[in-house]
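Working notes for the structure below.
The values are calculated or read from the model by the stated rules, or taken from the named source; none is laboratory data. The model shown is predicted, which means the values in this text are computed figures rather than measured ones. Quick reminder, even Gly has a Cβ in these numbers, built from the backbone with ideal geometry, and neighbours come from all protein chains shown.
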Amino acid sequence: MIGIDTSAIIDIFKGKEKVKAILLDVKEPLALTTISYLELMFGIDPGNQKHKLEEQYYDEFFKSFLTLNLDNNSCKKASEIFWKLKRQGKTIEQFDCVIAGIFQANGINKLISKNSKHFENIPNLNVIAY
């Protein structure tokens, strides 16, 4: 199974060819996280009609894939990632730690992301960058 990061979800919505090409080559099932959904919703202005259409797209998109939730195990894994990187002086956004933690707690060690630098220092996580 391969995880999809928020940046890739946005680029899928925008119809970016690079991420489409990667998805066409993927032979494994794909998974999302509720944290990516949260990040997307933070970018949606509920009073903006254009944003409402984007929200509807994301709602349908998330129904199409396995969506993993934040639970105690993924919280512990995210904390482990955060502190390991912090000790190395390589901090990343906490949401990125949580996304990686959710995937790793669920046995997923591959991630599609436009922002490979956000994830490249996380142990046991293979970033499929575009």
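Here's the yes/no breakdown for (1) more than 19 Å from residue 112 (Cβ to Cβ); (2) in contact with a Leu (Cβ under 6 Å, 6 or more places away or on another chain); (3) of a type in the set (A, V, I, L, M):
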{"residue": "26", "(1), (2), (3)": "no, no, yes"}
{"residue": "29", "(1), (2), (3)": "no, no, no"}
{"residue": "32", "(1), (2), (3)": "no, no, yes"}
{"residue": "37", "(1), (2), (3)": "no, no, no"}
{"residue": "44", "(1), (2), (3)": "yes, no, yes"}
{"residue": "49", "(1), (2), (3)": "yes, no, no"}
{"residue": "55", "(1), (2), (3)": "yes, no, no"}
{"residue": "58", "(1), (2), (3)": "no, yes, no"}
**Report entry** Members of segment 31-53 that are surrounded by fewer than 17 Cβ atoms within 10 Å (Cβ to Cβ) and in contact with a Gly (Cβ under 9 Å, 6 or more places away or on another chain)
**Finding:** 51
Report task. Evaluate the following for residue 61: is it over 27 Å from residue 21 (Cα atoms), surrounded by 14 or more Cβ atoms within 10 Å (Cβ to Cβ) and of a type in the set (Phe, Trp, Tyr)? Result -> no
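Taking into account only those residues within segment 83-108 that are under 23 Å from residue 27 (Cβ atoms) and out of contact with any strand residue (DSSP E or B) (no Cβ under 6 Å at 6 or more places or on another chain), which is surrounded by the fewest Cβ atoms within 10 Å (Cβ to Cβ)? I'd like the intermediate steps shown before the answer.
Of all residues in segment 83-108, those under 23 Å from residue 27 (Cβ atoms) come to 99-100, 102-104, 106-108.
Those left that are additionally out of contact with any strand residue (DSSP E or B) (no Cβ under 6 Å at 6 or more places or on another chain): 100, 104, 107.
Working: 100: 32, 104: 22, 107: 7.
The qualifying residue surrounded by the fewest Cβ atoms within 10 Å (Cβ to Cβ) is 107.
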Query - Any pair with Cβ under 8 angstrom, 6 or more apart, that starts in segment 66-92 at a residue that is among the basic types (Lys, Arg) and ends at one that is at pLDDT below 95 and exposed (fewer than 14 other Cβ atoms within 10 Å of the Cβ) - result: 84/123
Report summary line: residue 44 vs (1) assigned to a helix (DSSP H, G or I); (2) touching an Asp or Glu at 6+ places or on another chain (Cβ under 9 Å); (3) hydrophobic (A, V, I, L, M, F, W, C): all pass except (1)
**Report entry** Single residue of 54, 60 found to be within 19 Å of residue 11 (Cβ to Cβ), out of contact with any strand residue (DSSP E or B) (no Cβ under 9 Å at 6 or more places or on another chain) and in contact (Cβ under 8 Å) with a residue 24 or more places away in the chain
**Finding:** 54
Report summary line: Within segment 2-24, the count of residues that are within 21 Å of residue 117 (Cα to Cα) and more than 9 Å from the chain's Cα centre (by Cα) comes to 12
